[in-house]
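Visitor: I am attaching a structure below and will ask some questions about it afterwards.
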Amino acid sequence: MIEINSPNDLFDRKNFTYDVDSKTTKLIEVLAPYTFQNKITCNLKGCHTPHKHGYLILIEDGRETNIGKDCGRTHFGENFVISRDLERKKRERLQQINKLLSIQAEKESLLKRLDELSNRPYGVAWAVRSKINLRKAIGQDVFNRLSERARRNNLTIQEEKERKPAEIKRLHELNPRSKREDHRYYQIDVGSFTSLDGIAFDFQNVYWENLDKDIKEILDCDTARLTTPQLRKLITKANNIEMVFEQLNTALSQLIRFFTPENFNLLRYLSLDDKEKDKLQKLAWNVNKGEASLGWLD
């Protein structure tokens with residue numbers, strides 16, 4: 001693949017020719033595009049249009065010259081358009097293949113990163129186990145309500161309180177059109193969860209079904225046999241690798257931050273059952289005493 005980074009990359013080529021007559025010569029192939037900071041002239045006779053964006057081309061007698069991006073179609077018609085588009089596709093495919101090959105060259109380090117992310121202390125395997133253990137400890141219903149709050153990023157816990165009759169009467173007198181029952185209950189904020197993002201995050205799917213699977217698919221592929229759609233699909237996955245690593249590391253940090261005494265003290269407010277509330281209160285006491293911690297959830 002020819003790379004043109006400066007005007008000298010054009011002019012220093014062995015077969016480069018100035019002032020080519022497009023009327024007496026035929027375009028064979030568009031060899032490479034270029035973009036320069038300063039304008040250069042098109043080397044077609046009778047044109048010489050200054051431009052920053054153009055192409056190195058091959059003509060029928062083996063000579064090469066340069067033309068502006070708009071000059072090609074004007075002087076060589078649809079033949080130029082077809083050749084330009086073909087060169088663009090070939091260049092894009094080669095760049096994509098080179099990206100996959102560069103990832104394959106890092107196979108050992110990538111597999112090591114995958115293993116470390118899963119099996120390190122408080123890694124992905126820990127996160128999956130911890131969420132399972134948390135669900136068992138607090139019950140499915142409370143875990144579902146906690147997960148729903150996580151999805152909606154609803155961190156604040158409110159508790160319903162009942163007003164005294166005198167207060168209900170006073171509020172009703174202030175608004176005679178209201179019903180007394182409307183003033184019977186009110187909500188107070190009792191606290192806010194710290195970081196529910198790790199609860200909402202699907203560690204198992206993102207790690208095993210996305211990151212691990214995608215990396216191994218790229219490492220095992222034969223780039224020479226890939227169709228264009230297959231290549232594009234793998235490039236999309238390749239471009240997302242570092243982003244997914246970052247997402248997982250961030251989510252792990254957020255999940256660790258969830259396991260605090262303050263958060264466990266709020267869990268009982270998510271239960272509608274008095275016995276379950278008592279169970280959650282005891283769990284919170286154990287956490288406060290240090291008997292339930294990150295280690296307990298391993």
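Visitor: Would segment 180-196 turn up any residue that is modelled with pLDDT under 90, within 22 Å of residue 259 (Cα to Cα) and β-branched (Val, Ile, Thr)?
Guide: yes
Visitor: Answer yes or no as to whether residue 202 is surrounded by 15 or more Cβ atoms within 10 Å (Cβ to Cβ), within 34 Å of the chain's Cα centre (by Cα) and over 15 Å from residue 269 (Cα atoms). Talk me through it step by step, then tell me what you get.
Guide: On the way: surrounded by 15 or more Cβ atoms within 10 Å (Cβ to Cβ): no; within 34 Å of the chain's Cα centre (by Cα): yes; over 15 Å from residue 269 (Cα atoms): yes.
Criteria not met by residue 202.
Visitor: Considering each of 161, 136, 131, 179 in turn, give the residue that is surrounded by fewer than 14 Cβ atoms within 10 Å (Cβ to Cβ), closer than 26 Å to residue 285 by Cβ and either touching a helix residue (DSSP H, G or I) at 6+ places or on another chain (Cβ under 8 Å) or not assigned by TED's automatic domain parsing to the domain that holds residue 253 (or both). Spell out the reasoning first.
Guide: Numbers: 136 fails: either touching a helix residue (DSSP H, G or I) at 6+ places or on another chain (Cβ under 8 Å) or not assigned by TED's automatic domain parsing to the domain that holds residue 253 (or both); 131 fails: surrounded by fewer than 14 Cβ atoms within 10 Å (Cβ to Cβ); 179 fails: closer than 26 Å to residue 285 by Cβ.
Of 161, 136, 131, 179, the one residue that is surrounded by fewer than 14 Cβ atoms within 10 Å (Cβ to Cβ), closer than 26 Å to residue 285 by Cβ and either touching a helix residue (DSSP H, G or I) at 6+ places or on another chain (Cβ under 8 Å) or not assigned by TED's automatic domain parsing to the domain that holds residue 253 (or both) is 161.
Visitor: Regarding residue 62, is this residue at pLDDT below 95, small (Gly, Ala, Ser) and surrounded by fewer than 18 Cβ atoms within 10 Å (Cβ to Cβ)?
Guide: yes
Visitor: Now a separate question. Which residues, taken from segment 220-246, are assigned to a helix (DSSP H, G or I), crowded, with 16+ Cβ neighbours inside 10 Å and of a type outside the set (D, E, K, R)?
Guide: Of the residues in segment 220-246, the ones assigned to a helix (DSSP H, G or I) are 220, 223-225, 228-246.
Adding the requirement that they be crowded, with 16+ Cβ neighbours inside 10 Å leaves 223, 231, 234-235, 237-238, 241, 244-245.
Those that are assigned to a helix (DSSP H, G or I), crowded, with 16+ Cβ neighbours inside 10 Å and of a type outside the set (D, E, K, R): 223, 231, 234, 235, 238, 241, 244, 245.
Residue by residue, here is whether (1) touching a strand residue (DSSP E or B) at 6+ places or on another chain (Cβ under 9 Å); (2) surrounded by fewer than 12 Cβ atoms within 10 Å (Cβ to Cβ); (3) in the same structural domain as residue 28 (by TED's automatic domain parsing) holds:
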| position | (1), (2), (3) |
| --- | --- |
| 84 | yes, no, yes |
| 97 | no, no, yes |
| 113 | no, no, no |
| 124 | no, no, no |
| 142 | no, no, no |
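Visitor: Pick from 117, 44: which is at pLDDT 95 or above and crowded, with 18+ Cβ neighbours inside 10 Å?
Guide: 117
The values are calculated or read from the model by the stated rules, or taken from the named source; none is laboratory data. These numbers were taken from a predicted model, which means no experiment stands behind them. Please note: Cβ atoms are built from the backbone with ideal geometry, for glycine as well, and neighbour counts cover all protein chains shown.
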